[in-house]
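Down below is the structure, laid out as structure tokens.
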Amino acid sequence: MKKTMKLTLMAAFVMVAMSFGTLSAKPAKITVDGKCNMCKNKIEKAAKGVKGVKTAVWDKESKVLTIDYNEKLTDVKTIEKAVANIGYNAGEEKANTEARKKLPACCTSDAKANHHKDGGCSK
């Protein structure tokens, strides 16, 4: 009987802890100026690298990075800075100049001719 009671209490504790974790996820949208699938991968990786970011999905067509984050661990400004540090304008943050220079030209210009059919860049 005691073992069953302990397991029930432990399961209840886990469920409560999980629900609090879900409740602390705050959604936000950030405009990011990428161009292709390579940009998408880099942008999402940079955002997910910020402690407290639960999800990050960048849409190539709308140029919007949709994130869910724990506001007790981070904020939108910090996430914008992380993306700007890899060379992309993100929200109010301007791209790091040196990082932007290292991106393929097709990722920083309006030239569509340099993009492959799959959305990736050619160098």
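Of the trypsin sites (Lys or Arg not before Pro) in segment 67-98, the ones in a loop by DSSP (not H, G, I, E or B) with at most 10 other beta carbons within 10 Å are Lys72. Multiplying the residue separation of Val64 and Asn37 by 0.36 nm and removing their Cα-Cα distance gives an extension gain of 8.4 nm. For Lys54, enumerate residues with amide H under 5 Å from its amide H, sequence gap 5+ or separate chain, H modeled in the peptide plane. Counting only residues 5 or more places away or on other chains, the set is Asp68, Tyr69, Asn70. Each residue of segment 93-102 is assigned a 3J(HN,Hα), and the resulting list reads 8, 7, 4, 5, 4, 5, 5, 5, 5, 7 Hz, derived from the Karplus form 6.51 cos²θ - 1.76 cosθ + 1.60 (θ = phi - 60°), x at Gly and Pro.
Every number in this text was worked out from the coordinates using simple rules, so none of it is lab data. The shown structure was predicted, so the numbers you read here are calculated from the model rather than taken from an experiment. Virtual Cβ from ideal backbone geometry, glycine too; neighbours counted across all protein chains shown.
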